[in-house]
1. Would you please name the residue that is surrounded by the most Cβ atoms within 10 Å (Cβ to Cβ), looking only at residues in region 316-332 that are in contact with a strand residue (DSSP E or B) (Cβ under 8 Å, 6 or more places away or on another chain) and closer than 21 Å to residue 13 by Cβ?
2. Looking only at region 237-252, decide whether some residue is in a strand (DSSP E or B), modelled with pLDDT of 95 or more, away from the ligand (no atom under 13 Å from the Cβ) and assigned by TED's automatic domain parsing to the domain that holds residue 288.
3. Give, as residue ranges, the strands (runs of 3 or more DSSP E) completely inside region 156-221 that count at least 2 residues that are under 30 Å from residue 70 (Cα atoms).
4. Determine whether residue 283 is modelled with pLDDT under 95 and over 18 Å from residue 85 (Cβ atoms).
5. Does region 301-309 contain any residue that is in contact with a strand residue (DSSP E or B) (Cβ under 8 Å, 6 or more places away or on another chain), surrounded by 24 or more Cβ atoms within 10 Å (Cβ to Cβ) and either assigned by TED's automatic domain parsing to the domain that holds residue 221 or farther than 18 Å from residue 141 by Cα (or both)?
6. For residues in region 91-101 being touching a residue at least 40 places away in the same chain (Cβ under 8 Å) and surrounded by fewer than 24 Cβ atoms within 10 Å (Cβ to Cβ), which is farthest from residue 144 (Cα to Cα)?
7. Being within 16 Å of residue 313 (Cβ to Cβ) and within 15 Å of the ligand (Cβ to nearest atom) narrows it down to one of 186, 179, so name that one.
8. Going through region 79-90 one residue at a time, which ones are crowded, with 24+ Cβ neighbours inside 10 Å, more than 16 Å from the ligand (Cβ to nearest atom) and under 29 Å from residue 224 (Cβ atoms)?
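The values are calculated or read from the model by the stated rules, or taken from the named source; none is laboratory data. Because the structure is a prediction, the values reported are computed rather than measured. So basically every Cβ, Gly included, is an ideal-geometry build from the backbone, and we count neighbours across all protein chains shown.
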Ligand code: UT7
């Protein structure tokens, strides 16, 4: 029997309508469009403003878009993985809520918390279930309402993040397409530089934690920046060397969209020209787990069957990794 590979066979997405511009952020904190564009490369980000709407609402819309585009019935889905660090609530998993909202009743589902590496860790996980022959249709949905954990009085974090969701379908293929390999890594020591201080079992929510604004994302930007630049590039170069591929063999690098300077440094280390790099940070900012599938969704029409693609991410944990895959379909 031919080897089974796990191939992405469709991409869907949902972005909230509200655009939070640098001009509006400049009225909230002491910053400017010029600083944000120079140091980060973001012009605007989408924000889910509607009262009572959560990560699962965006995730469900992305999954609906995916199922419609791929002609998949909800009953056919075997498994759903939701990559998120902004679940609707601590219990239950947001994946279960998304499955319920999209009428996916024959699947089991769970959340995967790997922050900005959430999509690639989920793709590696889905790959196992597909390659083993156990499942035929796995949905990965990366969804984040980052605005729910951002302090809009903190100029060092509030310009960075945005809300959004994107979903992919992963199916078996016996052709020369799909996930070839991945390298994923973590370093728990990195937690000190990027975390949320309260609301977990270490420091449950209290009047004090709310007063001290300890439910917002805490980040030591420079330490994270340095680790992201070296780790993301190292692992992407490692996977290229392992498979004896050079920049000229690669159609696209799809990097996590945290900072334009990190994206450029990663591409430089890999010897890849900017033309081969998917970039949409300018319009969506950092949507954490959702950045990579949102890039695939944005660039879908430019992707051709057999294209060599490298995905690379770095995020809280620390978590990082790189995936080497061959795109499975031509533009439809
Ligand atoms: O996706 C998860 C992983 N996260 C990341 O990858 C983020 C990684 N980190 C970064 O992208 C960058 O470190 C930031 C964009 C967060 C910050 O940029 P930076 O070039 O590292 O700036 P910095 O923290 O070294 O700060 C330089 C100066 C400071 O002022 P002083 O102390 O030199 O007077 C900051 O207070 O820039 C100041 N600053 C700002 N100024 C205007 C920080 N944020 C702002 C701001 N507007 N928004």
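1. Start the filter on region 316-332 by keeping residues that are in contact with a strand residue (DSSP E or B) (Cβ under 8 Å, 6 or more places away or on another chain), which leaves 316-329.
In the following step, the residues that additionally are closer than 21 Å to residue 13 by Cβ were identified as 323, 325, 327-329.
On the way: 323: 26, 325: 23, 327: 20, 328: 23, 329: 17.
Only one residue tops the list, namely 323.
2. yes
3. Qualifying strands (runs of 3 or more DSSP E): 163-173, 178-186.
4. No: the conditions fail for residue 283.
5. No.
6. 101
7. That would be 186, the only listed residue that is within 16 Å of residue 313 (Cβ to Cβ) and within 15 Å of the ligand (Cβ to nearest atom).
8. Residues satisfying the conditions are 81, 82.
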